[in-house]
Amino acid sequence: AEKFNTVVRTAPLLQSATREIRPPELRFMLCHVYTIKDTETKEEKGYLVEKKIPGKFTKYNSNNGYVKGAKDGVHNTRTIELVSGRVKLEEFVQSFSHWVYEYTNHSMIVCDLQGVLNEEGRFPEFQLTDPAICTRKGQRYGKTDMRLNGVRKFCTTHRCGPVCKGLGLPYMNK
């Protein structure tokens, strides 16, 4: 996400039309795995723990092809005025998945993106949690790695917009 944020910050078409605001950054929450041993059964269980994210939790896309959009009945999404025009902030999350696909030479995609748009600071920031990584070969990233099927499903449902264009990404789903 840090590399993506850097690319967004330097993309001429994605610069703010005013200096008062800038495009949102994406941050993945840190997580920790705790192993707890049952004193009676001696069985160990692992627990994934992360900081609670305050705010309205939203699922932006998934590893089975879901991409949040107009079908969801959401019409009041926050926008930002960029050099390229008015853009929905949520588009940056969708474009991140597309950007990873291109950046990795089509070998993987980061999806199942969900979290909170935090606007409490000076600049907006997506705080994301529990992503899935789908790869073209193998199941390298656990049960949520839907392999090539997950990659294909995202590629067929994603719709490119001004952020993808501003990043110079090739149009997906012609």
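Look at region 62-83: where a residue is within 16 Å of residue 151 (Cα to Cα) and a partner is modelled with pLDDT of 80 or more and open to solvent by less than 40 Å² (accessible area, probe 1.4 Å), sitting 6+ places away or on another chain with Cβ atoms under 6 Å, you get 62/112; 63/111; 63/112; 63/132; 63/134; 63/150; 67/61; 67/158. Tally the residues that are under 30 Å from residue 79 (Cα atoms), hydrophobic (A, V, I, L, M, F, W, C) and surrounded by 10 or more Cβ atoms within 10 Å (Cβ to Cβ), restricting the search to region 15-39. Selection size over region 15-39: 6.
Yes/no per residue for (1) touching a residue at least 60 places away in the same chain (Cβ under 8 Å); (2) closer than 20 Å to residue 5 by Cβ:
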| position | (1), (2) |
| --- | --- |
| 114 | no, yes |
| 124 | yes, yes |
| 131 | yes, yes |
| 140 | no, no |
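In this structure, residue 42 qualifies as part of a loop (DSSP other than H, G, I, E, B), open to solvent by 90 Å² or more (accessible area, probe 1.4 Å) and at positive phi. Scanning region 5-20 turns up no residue that is modelled with pLDDT of 90 or more, touching a strand residue (DSSP E or B) at 6+ places or on another chain (Cβ under 6 Å), of a type outside the set (Val, Ile, Thr) and not in a helix (DSSP H, G or I).
Close Cβ contacts (under 6 Å, 6 or more residues apart or on different chains) running from residues in region 1-25 that are under 23 Å from residue 131 (Cα atoms) to residues that are part of a loop (DSSP other than H, G, I, E, B) comprise 8/23; 24/89; 24/124. The lone criterion from (1) closer than 23 Å to residue 80 by Cβ; (2) surrounded by fewer than 19 Cβ atoms within 10 Å (Cβ to Cβ); (3) of a type outside the set (Asp, Glu); (4) in contact with a helix residue (DSSP H, G or I) (Cβ under 7 Å, 6 or more places away or on another chain) left unmet by residue 139 is number (1). Every condition in (1) among the hydroxyl-bearing types (Ser, Thr, Tyr); (2) more than 18 Å from the chain's Cα centre (by Cα); (3) open to solvent by 30 Å² or more (accessible area, probe 1.4 Å) holds for residue 103 except the one numbered (2). If the requirement is being within 23 Å of residue 79 (Cα to Cα), at pLDDT 90 or above and open to solvent by less than 20 Å² (accessible area, probe 1.4 Å), which of these qualifies: 134, 164? Of the residues listed, the single one that is within 23 Å of residue 79 (Cα to Cα), at pLDDT 90 or above and open to solvent by less than 20 Å² (accessible area, probe 1.4 Å) is 164. Annotation: residue 77 fulfils all but one of (1) open to solvent by less than 30 Å² (accessible area, probe 1.4 Å); (2) not in a loop (DSSP other than H, G, I, E, B); the unmet one is (2).
There is at least one residue in region 4-15 that is of a type in the set (Phe, Trp, Tyr) and within 21 Å of residue 171 (Cβ to Cβ).
The values are calculated or read from the model by the stated rules, or taken from the named source; none is laboratory data. This is a predicted model, so every value here is computed, not measured. Cβ atoms come from the backbone with ideal geometry, glycine included; neighbour counts cover every protein chain shown. Note: accessible area is taken over every heavy atom of the protein model, side chains too, but ligands, DNA and RNA are not part of it. Shrake-Rupley method; radii C 1.70, N 1.55, O 1.52, S 1.80 Å.
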